[in-house]
Amino acid sequence: MHKQGEIRVIALGLIRDGDRIFLSEGYDPVKQQTFYRALGGGVDFGETSYQALQREFQEEIQAELTNIRYLGCLENIFVYSGQPGHELIQLYQCDFADSKFYLLEQLTFAEGERQKKALWVEFDKFKSGELRLVPEAIFEYLSERG
């Protein structure tokens, strides 16, 4: 886990399939709120965000990525589980190399001690406000592709 008061650099991958986006589900016990975020994770010292993105997908769900394209950098200042957080997100658009990932309803993976769930979610559920996508600035990148 990162130290309090530290800015964390993370790489996230947006994977779309028609009207669906591949996301991980998170839960904030303090806010008692479920939220969704693109998959990815922290960039290690000496590694590029591009390399971190590939490593994280490999470690978390054993997936190879293809068609990786840099979208931009987002700054995310938030409170999770009662603790303030600050991230610089290097955002990429990508596809799964293996088509089997497009057929999965959902999959479970370990992130440290926690079991997490990754799944395909209809984009409209975020537009309608039924579900919450974090950080919300990601919407701008999603709506561009239509």
Charged-residue dipole, Cβ positions (Lys, Arg, Asp, Glu), the chain about Cα centre, Debye nearest 20: 200 debye
Cut-off 10 angstrom, C-alpha nodes, Gaussian network model of the chain. Which of Arg20, Arg114, Arg69 fluctuates the most? Arg114
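If N is the number of residues in the chain, what value comes out of its Cα radius of gyration divided by 2.2 N^0.38 Å? Don't jump to the answer; show the numbers that get you there.
Numbers: Rg = 14.5 Å, N = 146, 2.2 N^0.38 = 14.6 Å.
For the chain, the normalised Cα radius of gyration comes out at 0.99.
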Accessible area per residue, 1.4 Å probe, Å², for the range 19-124: what's the number? 55 Å²
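Share of the range 31-90's accessible area from carbon and sulfur, percent, 1.4 Å?
Numbers: 1580 of 3280 Å².
Ligands and nucleic acids excluded, carbon and sulfur give 48 percent.
The values are calculated or read from the model by the stated rules, or taken from the named source; none is laboratory data. What you are looking at is a predicted structure, and each value in this text was computed from that prediction instead of being measured. Every residue, glycine among them, receives a Cβ derived from its backbone with ideal geometry; neighbour counts consider all protein chains shown. For accessibility, only protein heavy atoms count, side chains too; no ligands or nucleic acids. Shrake-Rupley method; radii C 1.70, N 1.55, O 1.52, S 1.80 Å.
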